[in-house]
Amino acid sequence: MNSRISRRRFVAGAAAASFLAGCDSYPVKTFLLAMKDWNAGCEAALFSPARTAPELPESATTPEAAFPEYFISDDAPDVPPNWFLTVGGLVERPGRFTLAELRAMTQTSMRVRHHCVEGWSAVASWQGVRVSEIARAAGLKPGVRHVEFRSFDSGYWSSWDLPSATHPQTLLAWGMNGHPLTTGHGAPLRVYSAVKLGYKMCKYLTEVNFLAENTGGYWENQGYDWFGGV
Ligand SMILES: Nc1nc2c(c(=O)[nH]1)N[C@H]1C(S)=C(S)[C@@H](COP(=O)(O)O)O[C@H]1N2
Ligand SMILES: [Mo]
């Protein structure tokens, strides 16, 4: 049985996490909010696109039934008919990609550890196309600083700094452990990255937008660290 965790439990967990972090007292909260901005700057300064996360052996793989599935919708959202990915924003060649087109591009596979802010971690391999390949295909215009990922999961989204999004271990993944994604894990396409916490990796993708501005995110706008580095 898959350990599906409902939105209610997830939100309860998030509230407990912020309580444990001491966010309930006003002076502490103000201090932490100030620290968060300071942290985001520091984390970005420490981030090196040359630094890669360790890739793990097959023996480290978590049994799939024990790899949690998170989605904010009440049920895992079904793939819309005639699904395609829209790529837009400040690009020379805005366009659409079908899954077949994405699978015809250069493919990458990596087995890494997933880190959820709620305290669990798990290991799987992920198959897909690097976001840097998509950026190359689309042709970035000057001024792109952020990449926004949008989904068909009740409006879930996340925006990233460009260096993390174009890191060699950041993929638009269609596969998990060598098979197509299940609906629970984000079918037909999700972000998977070795350099970010779970909530940054938008599942059920519909759009990738290369932007000047930071457009926040579903959890980020509720207080989770925007950079969300591992
Ligand atoms: N669209 C969408 N993407 C999402 C989420 C979500 O609720 N909806 N949850 C995030 C969180 S908090 C985590 S930990 C991972 C979980 O990925 P998994 O379900 O494959 O374990 O997806 C992330 N991406
Ligand atoms: Mo998460």
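The values are calculated or read from the model by the stated rules, or taken from the named source; none is laboratory data. Note that the structure is predicted; figures quoted are calculated from it, not measured. Glycine gets a Cβ as well: all are built from the backbone with ideal geometry, and neighbour counts include every protein chain shown. Each accessible area value is taken on the protein alone, full model and side chains, heavy atoms only, with ligands, DNA and RNA left out. Shrake-Rupley method; radii C 1.70, N 1.55, O 1.52, S 1.80 Å.
Of M105, A76, A66, which is farthest on the positive side of the dipole of region 50-173, counting Cα position, with +1 on Lys and Arg Cβ, -1 on Asp and Glu Cβ, and the Cα centre as origin?
With unit charges placed on the Cβ atoms, the residue in question is M105.
Percent of alpha carbon pairs in region 140-230 separated by more than 16 Å?
Roughly 51 percent, rounded to a whole number.
Listed highest first by mean packing, meaning other Cβ atoms within 10 Å per residue, what order do 153-166, 114-127, 181-194 come in?
Averaged packing, sorted descending, gives the order 181-194, 153-166, 114-127.
State the percentage of accessible surface on region 53-222 attributable to carbon and sulfur atoms; use a 1.4 Å probe and exclude ligands, DNA and RNA.
Within region 53-222, the accessible surface is 53 percent carbon and sulfur.
In Å and whole numbers, how far do the C-alpha atoms of region 37-142 stretch along each principal axis, longest first?
Sorted from largest, the Cα extents of region 37-142 read 41, 40, 30 Å.
Measure out, as a whole number of angstrom, how far apart the alpha-carbon centroids of region 92-111 and region 116-139 sit.
Rounded to whole Å, the Cα centres lie 12 Å apart.
Would you mind checking which residues have amide H under 5 Å from T206's amide H? H placed 1.01 Å from N; only 5 or more apart, or other chain.
R150, S151, F152
Highest mean first, how do 90-96, 200-206 rank when packing is the count of other Cβ atoms within 10 Å averaged over residues?
Result, highest mean Cβ count within 10 Å first: 200-206, 90-96.
Which Cα, out of C116, A194, M176, lies furthest along the positive dipole direction of region 74-205 (beta carbon charges, K/R +1, D/E -1)?
Projecting each Cα onto the dipole axis, the largest value belongs to A194.
Write down the accessible area per residue of region 53-222 in Å², having rolled a 1.4 Å probe over the full set of protein chains.
40 Å²
Which value results when the Cα radius of gyration for region 53-222 is divided by 2.2 N^0.38 Å?
Compactness ratio reported: 0.96.
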